[in-house]
Structures are given as structure tokens and as C-alpha cells.
Amino acid sequence: MKFKIAVLPGDGIGPEVLDEGIKVLEAVGKRFGHSFELTRGLIGGVAIDAEGTALSDDTLEMCKTKDAVLFGAVGDPRYDDPQAKVHPEDGLLAIRKGLGLFANLRPVKLYPELVNATPLKPEIVKGTDFIVVRELTGGLYFGRPKRQWTTSKGRRAVDSMAYSEQEIERIVRVGFELARKRRKKLTSVDKANVLQSSRLWRQVTIEVSREYPDVQLDHMLVDTASMRFIQSPTSFDVVVTENTFGDILTDEASTLTGSMGMMPSASLAGIPREGQRVMGFYEPIHGSAPKRANQNLANPIATILSVAMMFRYSLALEKEAETIEAAVAETLKEGYRTYDILSEGCIKVGTREMGDVIASKIKKGI
Ligand code: IPM
Ligand code: MG
């Protein structure tokens, strides 16, 4: 089959890790007989430099005509000044909103070989395998009013955590659908003891749960969840939560996997259902790491696993997705490590070599 894919490398290590993702994509194409038409576009700091905006309308429109979007990272210290008019991160927020990517799936899986790469006790983290479903187009990130102004008593600023029942319903459904295909346990994380938006979240979640009697639903306050992630990570299966809570919790969760460089993500514009294709945007959860850029250092596994997620959700090719995941597992088993997950007795490799090893396993037929 032939697929159309947009490629947005972005800033810092983004282009390097995405090159390896594409290497793996091509390897899968060769092995399974698919071809890909790749269209490149600018986003983030490189787009500001070239076009004066972090995401141009043309790039957004181009992405809308594709089956999926592959993304590297955005962020550039030259634009870190909070007074700056444009920020590279604006491009990411604009594409999330522009493509309607409301469901952000972030798997948190610890490969057994990396159990010593985490700062936590092996007996606690061993077997960690859950997925966070983060709402991505609502809450504090997009709620109105959102502004800063000056009063007679000084400056003030406001952000709004706003949710409609429709927004809650569709994201919670994503959680239930995924739980159904996993261990059938859904934890909805909120702050219903304080926030109105969380009280609505909880009500709607309970209403939707009636359609999923086979899934066990729990509610957990976000402060408790942040503690339980570290105390007993293996007690989670699927976690669903609003935008900001999900942002914070998934950085925390990345420590369970050994490195940010191991965490892929999918941002979907619809509810994933078996055998159906949904438009999606695929990115590693790590940032642009400008200090590590252009040194062949960065771990490309998060990006490569994001490509696997693209096969699963946007191309509905489960076998291809599993082949990539198996190649990553095998590569780790054989001891290949980038600097961020390195431990004694392992084979230290750079970004490109890691991509080569994984791609060659796919071509050889793992
Ligand atoms: C993430 C990032 C982004 C977010 C930033 C770069 C805008 O932290 O994808 O988690 O806050 O959503
Ligand atoms: Mg984040």
C-alpha cells in the first residue's frame, strides 16, 4: 500500500532522531511492500527563522492532506525570552489544535534490560507497562480567558481550565477503548476535591463507564496519582487525565522507563478502534535538547517507537507496528545503548548506529 506522510523535523535533535524514524519506516516498507510519499515541512524555531511564524498556514494545510504526521521536536534557546512575540512551542500547540488532535497516548513501558537505568528500585519498577491518555486540545493550554494585563495594583495574568462535557466524553472513551484491549482497568485522574472542571470530568466519566461494564474504573486525585506512579507503577493499566495533569505526570512517568528517550507518543484526531485508521501526529515526548544536537548522541528509540504507533493507529497495520517494537526489544537485549541508557558491559552507540541496528533487524525479518 502507498501512504502519504508529513515529516516535520523541527529543532535541535529533532531532525537527527526523525532521520532514524524514517530509516525504520523505509525498512518496514521494504519488508512488507509498502511505499511512502514523504512531504517535509517547517515547524518551531526553524519555521520562525524562515517564515516568521512557528507554523505557517501552508504547512498546516499540507499536513491535513496526509495519512499521518511525523514530528521531531521544537524549542530553541534563542526564543526562550518570555517577552518574545513568537515561541517555537506555539507551532506544536497550533498543530495540535489545527488537526484536532485531542487524544495524546503516552505508553510508559519499562524494558526489562533497562531496569537499572531508572533511579528507582528494580523491585518497584519491574514490569511497569501502562499508558497515559492525555487530553490535548483543552484545559489550561487553550481555555479562555487567557491573558496578562496591568491593573492599578500591578500586573495580573489568567489561564482558564475549561472543559465541555463533549470534550471530556470523547477522551474518556479513548481510555475505555484502550483499556478494553489491555488489562481492563482505567484510572481517571482529576482534582475533583477542588476544581469545578474536575467535578464535571468525574460525572461524565461515570456516565460513559456504563457503556463499558467490562472495564474497572477508578478515580484518583492528581496529587495521589503522582505519588502512586512512583510507589506502585505496576498497579496502573490505562490512565486518563486532562491536559496539564497529563503533561506533568508523563514527564514524571518517563523516569520509570529509564529515559525520556524511551517514551513515544501518538496524538490522535479520533477514537482508536481496531482495524480503523485515524489521523495522527507522532512524536517522541522529549524536547529538542539543543545541547545534544548535531553530535550523533540522542536516543532515537522514542521516535522509532512513535513510528510503530503510527503504523498501529493511522495506518491500521498492527503487524508492522509489532515488528518495530520487537526489533527495539531485541536491540536492547543485545546490549546496544545510547548515552542516556548506558550501563556497564553494554555497547555504546550513537543515534545513527542505533537506527541502523533496529532497521537491519526489521529488514532481516525479526
Ligand atoms: C509536551 C511538551 C509540550 C506541552 C510543550 C513543548 C508545549 O511539554 O508535549 O509534553 O506542554 O504539551
Ligand atoms: Mg511535557
What 222 nm value per residue comes from the helices of the chain, counting each DSSP H run with n ≥ 4 as -39,500 (n - 2.57) and dividing by all residues, nearest 500 deg cm²/dmol? -12000 deg cm²/dmol
Residues other than R170 with Cβ under 11 Å of its Cβ, Lys/Arg counted +1 and Asp/Glu -1, net out at -4
Label point distance in nm, D57-I206, each placed 7 Å from Cα along Cα→Cβ: 4.6 nm
By how many nm would the segment from K185 to D159 grow when fully extended, if each residue of separation counts as 0.36 nm and the alpha-carbon distance is taken off? 6.1 nm
Longest segment of the chain with no GluC sites (Glu not before Pro) in a DSSP loop having at most 15 other Cβ atoms within 10 Å? 1-210
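Bear in mind these aren't lab numbers, they're just calculated from the coordinates by the rules spelled out. Predicted model only: the values in this text are computed from it and were never measured. Virtual Cβ from ideal backbone geometry, glycine too; neighbours counted across all protein chains shown.
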